[in-house]
Amino acid sequence: MQLQIFNHKDLGQVRVIGSNQNPLFCLADVCRILEIQDTYKVKEAVLREFELSTLEVGSFDTGYGIKEFSMITEPQLYFVLMRSDKPKAKPFRQWVTSEVLPSIRKKGYYLNPDIESSLINELRDSNSHKDCLKRENESLKDEVIALQRKMM
């Protein structure tokens, strides 16, 4: 598993291993960002919530040698963020509860508003182009019929 660094301008860095489909986030980094001092309590809460006995482990070179760190899955990361009352978790909670979940309830999906707007515009342009092609096709059909009549 290759180490990747997730870097956010406001939050800082989180070490991530795994794949795009199954990323694992360094619990110590998440706790540092949220300013949670007791990583052990967070780890225990995750283990209880997800009915686990252990978490995945990632080994990283810290500059002082290789150390092992507890890693959490994406659902476990969301659990930590949603459960935290730390100020840095608040924007995430508000985004999920005011934008993501209502969108899923209303539309059955969530898309970033910019992407959704772009897709709607592309669909509108595509439909407009399709209508134009239909009119052109009808016009050409009429032309073919007129030419066929002249040939008879």
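The figures follow:
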read-out	value
Answer residue from the stretch 61-103, given it is part of a helix (DSSP H, G or I) and either of a type in the set (D, E) or not assigned by TED's automatic domain parsing to the domain that holds L34 (or both) and is modelled with the highest pLDDT among those	E74
Unique match (being charged (D, E, K, R) and either under 20 Å from V14 (Cβ atoms) or in contact with a Phe, Trp or Tyr (Cβ under 7 Å, 6 or more places away or on another chain) (or both)) among K88, K150, K130	K88
Of all residues making up the stretch 83-100, the number that are farther than 17 Å from Q37 by Cα and not aromatic (F, W, Y)	9
Residue tally, condition small (G, A, S) and surrounded by 12 or more Cβ atoms within 10 Å (Cβ to Cβ), over the stretch 78-111	3
Among residues of the stretch 1-27, those that are over 20 Å from M82 (Cβ atoms), at pLDDT below 90 and not in a loop (DSSP other than H, G, I, E, B), counted	4
Qualifying residue in the stretch 48-62 (condition: within 30 Å of I17 (Cβ to Cβ), in contact (Cβ under 8 Å) with a residue 12 or more places away in the chain and aliphatic (A, V, I, L, M))	yes
Residue count, the stretch 28-55 (criterion: of a type in the set (D, E, K, R), outside any loop (DSSP other than H, G, I, E, B) and more than 25 Å from the chain's Cα centre (by Cα))	3
Residue within the stretch 72-83 that is without any contact (Cβ under 8 Å) to a residue 24 or more places away in the chain and under 21 Å from L101 (Cβ atoms) present	yes
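The values are calculated or read from the model by the stated rules, or taken from the named source; none is laboratory data. This is a predicted model, so every value here is computed, not measured. All Cβ positions, even for glycine, are placed from backbone atoms using ideal geometry, and neighbour counts span all protein chains on display.
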